[in-house]
1. Please go through the range B:405-420 and give me each residue that is more than 14 Å from A:V178 (Cα to Cα) and surrounded by fewer than 23 Cβ atoms within 10 Å (Cβ to Cβ), ordered by number.
2. Taking the range B:277-300, which residues are without any contact (Cβ under 8 Å) to a residue 60 or more places away in the chain and closer than 26 Å to B:D316 by Cα?
3. Here are A:G201, A:G176: which of them is under 21 Å from the mean Cα position of the chain (by Cα) and either within 11 Å of chain B (Cβ to nearest Cβ) or not in a helix (DSSP H, G or I) (or both)?
4. Pairs under 7 Å by beta carbon, first residue more than 10 Å from every other protein chain (Cβ to nearest Cβ) in the range B:454-467, partner outside any helix (DSSP H, G or I), six or more apart or different chains?
5. With respect to the numbered conditions (1) facing chain A (nearest Cβ under 9 Å); (2) within 24 Å of A:A145 (Cβ to Cβ); (3) of a type outside the set (V, I, T), which one is the sole condition not fulfilled by B:K362?
6. Name every residue in the range B:376-392 that is in contact (Cβ under 8 Å) with a residue 12 or more places away in the chain and facing chain A (nearest Cβ under 10 Å), in order of residue number.
7. Can you tell me which residue among B:Y402, B:Y330 is touching a residue at least 24 places away in the same chain (Cβ under 8 Å), surrounded by fewer than 24 Cβ atoms within 10 Å (Cβ to Cβ) and not aliphatic (A, V, I, L, M)?
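The values are calculated or read from the model by the stated rules, or taken from the named source; none is laboratory data. Because the structure is predicted, anything quoted here is derived from the model rather than measured. Here the Cβ is made from the backbone with ideal geometry for all residues, glycine too, and neighbour counts use every protein chain on show.
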Amino acid sequence: MTSTLPNILSWILWLPLIAIVILFFLPRRNETAIKWVSLIVILVDFILSLILLGYFDFSNPNFQFVEKRKWIDFINSYYYLGVDGISILFVPLSVLVTLLCILISWDSIKDKVKEFYLSLLVTNIAMVGVFCALDLLLFYLFWEAILIPMYLIIGVWGGPRRIYSTFKFFLYTFIGSVFMLIAIIYMYIKFGTFEYTALVGKDYPLHIEKLLFLAFAVAFAIKVPMWPVHTWLPDAHTEAPTAGSVILAGILIKMGGYGFVRFCLPLFPEATLFFAKAILVLSVVAIIYAGFACLAQDDLKRLIAYSSVSHMGFVTLGIFSLNPIGVQGAILQMINHGIVTGALFMCVGVVYDRTHSRAISYYGGLATTMPLYAAFFMVFTLASIGLPGTNGFIGEFLILLGSFLNNKVITAFAATGVIIGAAYMLWLYQRVFFQQVNPNVVGLEPLKVNELAALIPMVVLVFLIGFFPNLCLDFMRSSVDALIMNFK
Amino acid sequence: MMMLPQLNFSVIGVEILLLLVASIIFLIDKFIANKNYAFFLSLITVIICAILVLFTPFGDFTQAYKTDFYSSTVKLFLIFGTLLVLLISYNYLNSYTFINLGEYYALILFSLMGAFLMLSAMDLVTIYLSIELMSFPVYFLIAINYAYNKPSLEGSLKYFIVGSLSSIFLLLSLGVIYYFTGTFYLKEIFVKLSESPYKKELLLAGMLLLISFSIKLSMVPFHMWAPDAYESAPLPITSFIASLVKFAAMAVLIKIILIAFSPLKVQLGQLLIPIILLSILIGNIMAIKQDNIIRMLAYSSIAHAGYAGLGLISADFVGYSFIIFYMLIYLIMTLGIFSILVVFANSQRELLYIPNMAGLSKTIPFISFLILIFMFSLAGVPPTAGFMAKFYIFLSLVKSHYVWVAVLGIAFSVIGAYPYLRVLKVIYMDEEKLTGINYRYDWSFFIPVGITSILVLLIGVYPKPLVEFVQRTLFLYLSTLYFPH
């Protein structure tokens, strides 16, 4: 199959580089050209990633589209790319998120336009790289490289407290991942290879395995973010520009969950079993704690940020249920959450661009002044709650089902999170869109073309996955089954 | 045992050339009105030196001096650095015309010659003498800034006194070594040391040696001179001290430990653990609060010397080769950032204070972008060369089972990210402060900054050729040292 698509992953990965080079030589005053070049290149990239999906072989649990070239061969490190059922869906999702970010920032970014689009393109490369890399050193390179553009995106184009937030974001994630580096080096010294496929199934003494697991898990837990290391997320989400929030919610925090599935589970199965219960408890705490925190927020973005923490709690819950249903649900829920929360942040960005306020009390009665916008927001709210028919339902249902098979008490607690979720989202909707029309929102401009273009694909995806979840589940089934075989 | 030493002058051609040219500059400087001649003369000399080093045959010049894989490779790296320093100096001295040009370049050449001699030296006395030869011109070069910066005398004197202290420790160490082994030759010390019953006493000598070099490398607790000396020197000289002098000192220390002290290298590495961890920690913490970017870079250079020193702890030759790699990358990064700072110093000196850099990304976006690259590289974030350098150092540490040292070192590097991020924060995220400054760029800016920034990115994604080259050099050196053909 790969012979028909030579080097497709490299093409998807490095295509934005073309745009970066062009952007370097474009004069900075020519903002229209900068935007169009980025848009077109990322659109082509997205089409390529859809082609990748089309050629994926569902029955094969192993890595496909594998590329392996010499990189730093004297330490046995390769330029080694490949995707399997676990990672493949994240590739088009990353590119899609970048694409929509370009659309949603079309008018709202007015300052340092060139730098902004450069940062977005670099972020795209790093995101795709994280999901494709099968060499641990290469993976780490992409994993860390994403900090540079995100540091700038939050810090330069963010809100009033952006500097505090961006430092917090950078240092939190940096401190998490450096320990992962030591663990990677340790594994390399022990087995002489960075290749993921060669490291799977190696045996360690249990105490070493636990330490290695922790070193990886801290990095991923901070990215996810799990309670109690979640505090960077509300700040970063709140202060980031819309595009930054969308990338954070859409992809960045998925990298943590992906890391758990990709690295922690197969590389350290015994340590996983040992720590599973602790992580399940932390997940439930995150679900409930963040849910209650949402109820107390008076800031639109902060509320959605806390809801992310709660939803990602479901994801870790699913992953560490350690059965196929739970893990599939978790991966699906990551994709769903990327779509839904990304879309919610875009929606907030839409009104923020018009009013420059994120306070919930500032709004009210938006349904009367912007009916179409209210409809969009409704769809995403319901998807976030997990109403049947939307994609959120499938993900949460599968996770709870998987978790129920594993541990009934924890599932019972986690299920309350769904109710809290409904409470805060519906209450938010009521406060912002119904009630009396607040004079602040009278006469707001209706949705613009670029905003519609960014939101419509999300609505389509919400219902598409909601009604046909097998579109996604088919991809991951065989790979997840193979992964879980380790634990039987 | 030995043949009568034949004086093979072709081996030390490089040093002779440097000596001649530097002396000639001193002699004729008074009679030439256009002072730019000194720059071009030194530039050409250094380029010729590079060619000479490439074609110099490996061999002995008496027992005390030897050209080999190791010394020639490090010499080439130093020449590369000197070329950049010369270009930066040319740019700087265009605006600071009171500095006496002739002496300036001649002293750089003298210092370089000292470094070369030191790298090729095969006995401790020669090493001591050439360290002095390397250091003395630098004391002058700091004080040469007196016309612009009165405290530069203080910085120079401070460096001189601390430098003398370093020499004293080195001499003490030499005395102890001679007392217990009866020789100064590195290879003979190795032989005597392996069979000597006085291991403990010789370990003391090794410790004194480490103290002496710690002063040169500005490691905690011998670091106090660095910020003052860095701040008071002319900017290109600061970059010269930070990159080249440290590189040379580190390379020689590796050589001494590798050859003479190799039976004790593990113990010496363990002795270094507190010094190095403290250097990293204190260097990084002190850098946080500095408002003067030169002082910030001085403290960061303390931390970076610490990172490079981590390779000494690992005590195997792979680790040593990664030190060379680290110092080379640090040299590239430092010279890159200093070539930018020189532009700031030329246009408006206040720009050297970090808060005054606010909003530079608006006025000079491209330069700001270059600063971004160098800062992330200094912080060690991929995909820059700084990450690769740190990665290899930690690789060698873990390989030698010092996982806990690696964990601490890498945890401190998170603290170390802050000062660099702060510079970027000011440049990219703060409101513009100084406006209407004329920035002058010419080729003497574009060449160094272009070379260094491209290298930083290139090595960041494809470090293989360089690391392999450095490692192979050390390997070949060791094999020819112990098994000469």
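1. Passing the criteria: only B:Y418.
2. B:L278
3. Checking each option against the conditions leaves just A:G176.
4. Note: pairs meeting the criteria are B:V456/B:T384; B:L457/B:T384.
5. (2)
6. Selection gives B:F376, B:A379, B:G380, B:V381, B:P382, B:P383, B:T384, B:F387, B:M388, B:K390, B:Y392.
7. Going through B:Y402, B:Y330 in turn, just one is touching a residue at least 24 places away in the same chain (Cβ under 8 Å), surrounded by fewer than 24 Cβ atoms within 10 Å (Cβ to Cβ) and not aliphatic (A, V, I, L, M): B:Y402.
Condition check ((1) touching a Pro at 6+ places or on another chain (Cβ under 9 Å); (2) surrounded by 15 or more Cβ atoms within 10 Å (Cβ to Cβ); (3) of a type in the set (K, R)) across all residues:
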{"site": "B:I427", "(1), (2), (3)": "no, yes, no"}
{"site": "B:T435", "(1), (2), (3)": "no, no, no"}
{"site": "B:W443", "(1), (2), (3)": "no, no, no"}
{"site": "B:L455", "(1), (2), (3)": "no, yes, no"}
{"site": "B:V461", "(1), (2), (3)": "yes, yes, no"}
{"site": "B:P465", "(1), (2), (3)": "no, no, no"}
{"site": "B:V470", "(1), (2), (3)": "no, yes, no"}
{"site": "B:T473", "(1), (2), (3)": "no, yes, no"}
